[in-house]
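Down below is the structure, laid out as C-alpha cells.
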Amino acid sequence: MKTITKQILSFILVFLVISFLLPQNIPASSAATTAMVYEYAPMLEHEGNIYYIQRVDGEECTYDIYRFQVATGNKTRLISSKKDILDMMLHNNTLYYTSYIGEKDIYQTYSVSIDAKDKKTICNGYLQCLDDSGIYYTVIKGNKSKLYKRDYDSKKATLLYTGNMTVRFVKKLDNALYFTQYNEASSKLTLYTLMPEQTKLTVLTTDKIVMERTIPTVSDVAKINGDIYYQYGTHEGSGNYWYGTLKKLDSSTNTKSVIAEQLYEEQIYHNDSSIFYNGTDSEEKHYQYNTKTGKTSFYIYKTTGTDSFNILGNDTYCAKSDGKELITVSRFTSGTNKKNLEKSFVKISYKQKKEFDYSACVKKYGDYLLIPVTCMDYNDTSNGWRGRYVSITWYVADSEGKILAQFQ
C-alpha cells in the first residue's frame, strides 16, 4: 500500500474516531471512576433532550448513549456498546450510529428508538448523513469508498458515487448535501453537492492542493446572501492541529477568492452579514469579514491562562476559571472588543484543587448553551504530554445564562 494511502486511512481513523484525544493505559482499578462524556465525542440536541456518549474505561471500554432531558434532569441509557461509537444522528425519533468492528475490519451502522425499545442493525457501512429521503453511508473496500443511499423502510440501496477513502459528508444546507474528496493523483480537492432527487454527486468546485504528508479536506460550508463560503485544510502535528483556508464562491460570477488563510478553527462562524475567525498569527487578534462589502477588520482581545474564546454567531463567549470556587462566562457582540459586554453572563460554583488545571468553553446545541468544565492532571504522564482527565462536568444553560441542568 502506498505511503499516502496509509496516511489516508490513518487520517480517517484519527479524524473520525478521535481516539488521540481520549486517555489511554488507564489501570483497571480506576475503571469505576473514569466514566466521562468527552468534549469531542458526538452530541445532539432535539426537542429539549441532549443525546451524548459516555465512555467508561477499565479492563474493557464501554460506550453508552444517553438521552438527557434538560427540564427534569432525567437520563435514559439507550444502548451500551463494547465498540467505539464514531458518529450519531437523529431522524423521526430514531437514533442512528456507527461503530467500527475490528474483528471484521468493517464499519457497521445501527439504529435505536429514543425510548430504547427498538434496536436494529441497519447496514455494513459508515453513516455519513440523513435526510427525509433516506440514509447515506459509505462502504470501504481496499482503497475504494462507495457512497450509497437507502430508504428508511427498505434494504434496497442506490450507489451514488465511487471514490477513495477520503469521501466524506461535510454539511447539509437547506435541502442540499455537501460532500468532499481529495484525489492524490491529481492533487485536487473537490466539493460536491447532492439534492434529494439526484442519484449522482455534482461537482461544485475544485481546488488543487499539493500535499506530501497530510490529507486535506473540506471542514465546513456556509451559505450567506446566496454565496457559498467553504473552508479546507489539514490536521498537522502531534496535536492534530487544524490549518485552514477560507474561500468564497460567488454565486453570480462563479468565481472564487481567498478570504483568509492559516485559520485554526474548522467551523465557519457567521451571521447574516459577517464571518468571524481567528488566525494563527496571534492568539489575541480576531477578525471580522464583512460579506456585503468584502472588507476585513480586526480587534485585539487578550486572554490569559486557560481562558476560552468561543465565537457562536452574533455572540462571543469567554469562559475562565478563578482557580478557587468559580467558573465564569462573559458574553459580548461578535466582531467587537467587548461591545455589550456581560461580564458575568454565567456563574458556576465549582471548587478547584491547586494540583489540577481547570478549563471551560461554550458550545451551542439547539437553543442551549453547553459549558463543559474539564479538570486535568498534567503531572500524570501516563498519557504523555496530554495529561490525565480527572473529570468533565457539563452544564446546560439557556440563552439568558441561567443554568438549567448538568451531567457527567
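Figures for the structure shown
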quantity	calculated
Test result for Tyr136, closer than 22 Å to Ala41 by Cα, open to solvent by less than 10 Å² (accessible area, probe 1.4 Å) and not assigned by the TED database to the domain that holds Ala41	yes
Qualifying residue in region 51-63 (condition: among the hydrophobic types (A, V, I, L, M, F, W, C) and open to solvent by 50 Å² or more (accessible area, probe 1.4 Å))	no
Cross-chain or 6+ apart pairs with Cβ under 9 Å, region 119-131 first and under 11 Å from Tyr97 (Cα atoms), then acidic (Asp, Glu) and surrounded by fewer than 22 Cβ atoms within 10 Å (Cβ to Cβ)	Tyr126/Asp87; Leu127/Asp87; Gln128/Asp87
Total residues in region 132-154, condition without any contact (Cβ under 8 Å) to a residue 24 or more places away in the chain, polar (S, T, N, Q) and closer than 22 Å to Asn183 by Cβ	1
Residue in region 286-295 that is nearest to Tyr241 (Cα to Cα), counting only those that are in contact (Cβ under 8 Å) with a residue 12 or more places away in the chain and exposed (fewer than 14 other Cβ atoms within 10 Å of the Cβ)	Asn290
Residues satisfying the stated conditions in region 201-228, i.e. β-branched (Val, Ile, Thr), in a loop (DSSP other than H, G, I, E, B) and closer than 28 Å to Ile135 by Cα	Ile215
Answer from Asp64, Asp87 - the residue that is of a type in the set (D, E, K, R), outside the structural domain of Leu369 (by the TED database), under 20 Å from Val139 (Cα atoms) and assigned to a strand (DSSP E or B)	Asp87
Residue match in region 268-281 (condition: open to solvent by 40 Å² or more (accessible area, probe 1.4 Å), of a type in the set (S, T, N, Q), in the same structural domain as Lys364 (by the TED database) and not in a strand (DSSP E or B))	no
Strands (runs of 3 or more DSSP E) contained entirely in region 140-200, each with at least 1 residues that are more than 16 Å from Thr214 (Cα to Cα) and open to solvent by 20 Å² or more (accessible area, probe 1.4 Å)	144-150, 157-164, 168-173, 188-194
Tabulated pairs, region 367-386, first over 14 Å from Glu355 (Cα atoms) and outside any helix (DSSP H, G or I), second open to solvent by 20 Å² or more (accessible area, probe 1.4 Å) and of a type in the set (Lys, Arg), C-beta under 7 angstrom, 6+ apart or interchain	Leu370/Lys363; Ser382/Arg388
Count of region 223-257 residues which are of a type in the set (Gly, Ala, Ser) and surrounded by 19 or more Cβ atoms within 10 Å (Cβ to Cβ)	2
Residue match in region 359-378 (condition: open to solvent by 90 Å² or more (accessible area, probe 1.4 Å), polar (S, T, N, Q) and under 25 Å from Ile65 (Cα atoms))	no
Residues within region 91-133 that are open to solvent by 10 Å² or more (accessible area, probe 1.4 Å), among the small types (Gly, Ala, Ser) and farther than 22 Å from His46 by Cβ, tallied	1
Residue check, Arg77 of a type in the set (D, E, K, R) and open to solvent by 60 Å² or more (accessible area, probe 1.4 Å)	yes
Considering residues of region 303-340 that are of a type in the set (S, T, N, Q) and without any contact (Cβ under 8 Å) to a residue 24 or more places away in the chain only, the residue nearest to Asn278 (Cα to Cα)	Thr303
Pair list, Cβ under 8 Å, 6 or more apart: region 37-64 residue in contact (Cβ under 8 Å) with a residue 24 or more places away in the chain and more than 15 Å from Leu86 (Cβ to Cβ), other residue part of a loop (DSSP other than H, G, I, E, B) and charged (D, E, K, R)	Glu45/Asp367
Test for Ser334: is it surrounded by fewer than 18 Cβ atoms within 10 Å (Cβ to Cβ) and on the phi < 0 side of the Ramachandran plot	no
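The values are calculated or read from the model by the stated rules, or taken from the named source; none is laboratory data. This is a predicted model, so every value here is computed, not measured. Every residue, glycine as well, gets a Cβ built from its backbone with ideal geometry; the counts of neighbours run over all protein chains shown. Only protein heavy atoms, including side chains, enter the accessible area calculation; ligands, DNA and RNA are left aside. Shrake-Rupley method; radii C 1.70, N 1.55, O 1.52, S 1.80 Å.
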